[in-house]
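Trainee: My structure is below; once you've seen it, I'll send some questions.
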Number of protein chains: 2
Amino acid sequence: MKRPTIKDIAAAAGVSKGAVSLALNGRSGVSESTRSRVLEVASTLGYRPSVTARALSSASADAVGLVLVRPPRALGDEAFFFQLIAGMQSEMSCALLLQVVSSREEEIELYQRWWAEHRVDGVFLVDLLVSDPRVELMPSLGLPAVVVGGAGHHGALASVWADDYAAMTSVVEHLKALGHKRIARVAGLASLLHTVRRDSAFASSVVDGVVVAGDYTAESGARATRKLLGMAEPPTAIVYDNDVMAVAGAEVAAALGVAVPSELSIVAWDDSVLCQHGRLTALSRDTFAFGARAARALVAVIGGASPTDVEDVLPELVVRGSSGPAPAV
Amino acid sequence: MKRPTIKDIAAAAGVSKGAVSLALNGRSGVSESTRSRVLEVASTLGYRPSVTARALSSASADAVGLVLVRPPRALGDEAFFFQLIAGMQSEMSCALLLQVVSSREEEIELYQRWWAEHRVDGVFLVDLLVSDPRVELMPSLGLPAVVVGGAGHHGALASVWADDYAAMTSVVEHLKALGHKRIARVAGLASLLHTVRRDSAFASSVVDGVVVAGDYTAESGARATRKLLGMAEPPTAIVYDNDVMAVAGAEVAAALGVAVPSELSIVAWDDSVLCQHGRLTALSRDTFAFGARAARALVAVIGGASPTDVEDVLPELVVRGSSGPAPAV
DNA sequence: GACCCTAGCTAAACCGGTTTATCTCCGGCT
DNA sequence: AGCCGGAGATAAACCGGTTTAGCTAGGGTC
């Protein structure tokens, strides 16, 4: 009960392997009558081309790659990536080759290997570093790639991004309009490009703004919040770089008896069910749609389109119960 | 700057392609001196075998498959699957081929295709149906597979599972011990096997227990809760089939002015950050470890081990603020 | 009628591995 | 000496496609 190969079709249709290949791929070199006969035979035999064999002779691999550099254990709580992946899938007819590794070196090694082995037709690049070697590497390999969530234009690569700078500014403006003066920020990993972008936007719109580093985990969010609230002149508003840290921060505030939002306003970057149920004011971007857009861009680049930069809509601030007027002095 | 192939190594070492293959795979047929010379050359040339080519001559594909049947949009909120995937990755050195499809037919089609094309060495089967055609299909295809989250033994397949029946019983016992008599349940999709298992456990330990169907979304959880609380004799405790529905239910209760836990106890199946921050009593299983265990089982089956059934530890009830003594009559 | 061109097809090489058949050489046994 | 066996290596077939070179028949041109 083996699956039919191109040879079986050739035999059944009474033509050569080569003719079958031409006919199935809609290329010239066979007559219309032969082509239709081949297609007929192929469909009755339930023929499916083997991607493996096809990839070997340098055609499509029918898959795209995504490598995540994370401690696997922490990954599961990051709804962002799963939303992103789900969105990507919605716009791709091919499969996604996914692997989680623990270092940047392994990541690069893996991209090279996948490409050398024709296992993928293209890749997504996420978590862009400030000076990211991948931006140079991909074009030199000739591997189609799309930067997801970078900061605009990146070398010769296509890019799908949102304006973190403008978004941060809009958050700060919102808080200033509510009368806040002492605004703090709990940042994400300093090595990531978007952290730097948000940092600089924050620095230029808030004078003497305090920034505490975090790593997206609940623990780091709680720790940073305790530190901030323990200062001589604690902030009246804190902006967190992701939802998990913000929720943890809100809990710390509650535990310390700091009322939200009357004494402290909290804003989260990236909305999620977590923020919705915690009634946190959050900067909401449609991560699912973002992933879908990235997939479309990658498909286009693989198809031979020249790389373009797509700017996502500016994230919208969804005001919920965790932000309000600054406390009277 | 092409990647070296087995031919290059053969030329550099002055032996034939066949000898190189034997040497690299640690098989007999070459002398120790030749083997070490080949290995030496291979490492200095930075040789990496092409999985694609290898898969063609019926060897390993170095990837395993997972197909999810979901509307992609809803998938992103289901932390369960992402935790599971993260756990799988932690125990696999190979990549995961992931695709989201919208129907069971496509799922089966995809499994067959992947296997026929040597794209995967084995697959995970999730969301087992009550009478699932895949259980018969996999052995007949000869495709190594592991059932994840089924109900024990499934035909000729290996299985990694948790005892939903006993878990449900333990939840009900907990509530009964608190004095609850009118206990209700918001179930998941009726087509899934574990729903049926939980249903039957619930039915046999709760007399006249009301069950409302849901589909794991927040909307369905809210709807079900409104229905239950609007009854003439509303339940004093509700058990939800996942975290998202439970949190939505807690919100509905709050909106209707029903105090939790003094008037209504809420228990969620599957713990998550959502439950932790919502202070919901939840049936906690370590989904990450569950995924890791599934990966180990699949690796073993692919390696030729005879399929075994691994029972996961019984999920543990983590009591938080949402469950308490039944209200006095 | 000789010549050329092209459409339509076939045979064969190729991709990068694995596997099998074959060949040679060397040592041990009778 | 003659025979057998096994170790060590090679050449060639194979996996299932794509691609290229080459062949054939038919039609148009001068």
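Trainee: In nanometres, what is the gap between the two model label sites at B:A254 and A:A74, each 7 Å from Cα along Cα-to-Cβ?
Mentor: It is 2.9 nm.
Trainee: So, one more: Starting from the Cα gyration tensor of the protein assembly as shown, take the square roots of the eigenvalues, sort them a ≥ b ≥ c, and report rounded, prolate or oblate (rounded when a/c is under 1.5, otherwise prolate if a/b is larger than b/c, else oblate). Each step should come with its number before you reach the end.
Mentor: Details: a/c = 2.08, a/b = 1.38, b/c = 1.50.
Oblate, because a/c is 1.5 or more while a/b does not exceed b/c.
Trainee: Just from its helices, what would the mean residue ellipticity at 222 nm be for chain B, if runs of 4 or more DSSP H residues each count -39500 (n - 2.57) and the sum is divided by every residue, rounded to the nearest 500 deg cm²/dmol? Walk me through the numbers before you get to the answer.
Mentor: On the way: 14 runs with 147 residues, N = 329.
Estimated from H runs of four or more residues: -13500 deg cm²/dmol.
Trainee: Search the structure for amide H atoms under 5 Å from the amide H of B:V123, placed 1.01 Å from N in the peptide plane, and list their residues when 5 or more places away or on another chain.
Mentor: B:G65, B:A145, B:V146
Trainee: Work out the FRET efficiency for A:S103 and B:E233 from their Cβ-Cβ distance, taking R0 = 60 Å, and round it to the nearest 0.05. Walk me through the numbers on the way to the answer.
Mentor: On the way: r = 59 Å, r/R0 = 0.99.
E(calc), rounded to 0.05, equals 0.50.
Trainee: In the protein assembly as shown, with Lys and Arg counted as +1 and Asp and Glu as -1 at Cβ, which of these residues, A:G249, B:G214, B:S16, has the Cα nearest the positive end of the dipole, that is, farthest along it?
Mentor: So the residue furthest toward the plus end is B:S16.
Trainee: From the Cα gyration tensor of the range A:131-171, with a ≥ b ≥ c the square roots of its eigenvalues, which class applies: rounded if a/c is under 1.5, or else prolate if a/b is larger than b/c, or else oblate? Don't skip to the end; give the middle numbers.
Mentor: Values: a/c = 4.12, a/b = 2.79, b/c = 1.48.
Taking the square roots of the gyration eigenvalues as a ≥ b ≥ c, the range A:131-171 is prolate.
Trainee: Take each of the peptides A:268-275, B:210-217, average the number of other beta-carbon atoms within 10 Å over its residues, and list them starting from the highest. Walk me through the numbers before you get to the answer.
Mentor: Numbers: A:268-275: 26.0, B:210-217: 19.6.
Top to bottom by mean Cβ count within 10 Å: A:268-275, B:210-217.
Trainee: Holding the Cα-Cα limit at 24 Å, pick out from A:K181/A:K227; A:K17/B:K17; B:K181/B:K227; A:K7/B:K17 the pairs that are longer than that. Mind dumping the intermediate values first?
Mentor: Working: A:K181/A:K227 18 Å; A:K17/B:K17 27 Å; B:K181/B:K227 18 Å; A:K7/B:K17 26 Å.
The pairs that break the limit, which is 24 Å between Cα atoms, are A:K17/B:K17; A:K7/B:K17.
Trainee: Please work out the C-alpha center-to-center distance from the range A:98-141 to the range B:43-65 and express it in whole Å.
Mentor: Centre-to-centre (Cα) distance: 18 Å.
Trainee: Let me ask something additional. Compute the helix-to-body angle for B:287-302: its Cα long axis versus the longest principal axis of chain B, expressed 0 to 90° and rounded to tens.
Mentor: Long axis of B:287-302 versus the principal axis of chain B: about 40 degrees.
Trainee: Right, here's the next one. Using only atoms on other chains, find how many Cβ atoms lie within 10 Å of each Cβ of peptide A:66-79 and report the average. Intermediate results must be reported in sequence, preceding the final value.
Mentor: Working: counts 2, 1, 2, 0, 2, 2, 11, 7, 2, 8, 15, 9, 4, 8.
So the per-residue partner count for this stretch is 5.
Trainee: State which stretch of chain A is the longest one without any exposed trypsin sites (Lys or Arg not before Pro), exposure meaning a DSSP loop state and at most 10 other Cβ atoms within 10 Å. Intermediate results must be reported in sequence, preceding the final value.
Mentor: On the way: sites that count: A:K2, A:R27.
Longest run free of exposed loop sites: A:28-329.
Trainee: With both bridge residues required to lie in chain B, what share of the DSSP beta bridges run antiparallel, to the nearest 5%?
Mentor: 15
Trainee: Take A:H154, A:H277 and order them by how many other Cβ atoms sit within 10 Å, fewest up front. Present the calculation step by step, with values, prior to reporting the outcome.
Mentor: Numbers: A:H154 23, A:H277 18.
The order, fewest Cβ neighbours first, is A:H277, A:H154.
Trainee: Roughly how tilted is helix A:164-177, in degrees to the nearest 10 and between 0 and 90, from the longest Cα axis of chain A?
Mentor: 30
Trainee: If you line up the Cα atoms of chain B on their principal axes, what length do they span on each, largest first, in Å?
Mentor: Sorted largest first, the three principal extents are 90, 37, 32 Å.
Trainee: Show me the ranking of peptides A:244-251, B:310-317 by mean Cβ neighbours inside 10 Å, starting with the highest. It would help to have the intermediate numbers written out before the result.
Mentor: Details: A:244-251: 26.4, B:310-317: 15.8.
Averaged packing, sorted descending, gives the order A:244-251, B:310-317.
Trainee: Let me ask you something else. Distance from a point 7 Å along Cα→Cβ of A:Q112 to each backbone N in the range B:46-61: keep the residues under 12 Å and list them by number.
Mentor: Label zone hits: B:46-48.
Trainee: Obtain the nm distance between the two label points defined at B:A156 and B:E219 by a simple spin-label model: each point lies 7 Å from its Cα along the Cα-to-C-beta direction.
Mentor: With each label placed 7 Å out from Cα toward Cβ, I get 4.3 nm.
Trainee: For peptide B:273-286, compute the average count of partner chain beta-carbon atoms within 10 Å of each residue's beta-carbon. The partial results should precede the final answer.
Mentor: On the way: counts 12, 9, 0, 6, 9, 4, 1, 0, 0, 0, 0, 0, 0, 0.
For peptide B:273-286, the averaged partner shielding equals 3.
Trainee: Report the label-to-label distance for A:R296 and B:R226 in nanometres (one decimal), using points 7 Å from each Cα along the Cα→Cβ vector.
Mentor: It works out to 3.4 nm between the two label points.
Trainee: Calculate the mean, over all residues of peptide A:98-106, of how many other protein chain Cβ atoms lie within 10 angstrom of the residue's Cβ. Write out the running numbers ahead of the final one.
Mentor: Numbers: counts 9, 7, 8, 1, 1, 0, 0, 0, 0.
Partner-chain Cβ atoms within 10 Å, mean over residues of A:98-106: 3.
We did not get these values from a lab; they are worked out from the coordinates using the rules stated. Computed from a predicted structure; not experimentally measured. With ideal geometry, Cβ positions are generated from the backbone for all residues, glycine too; neighbour counts draw on all protein chains shown.
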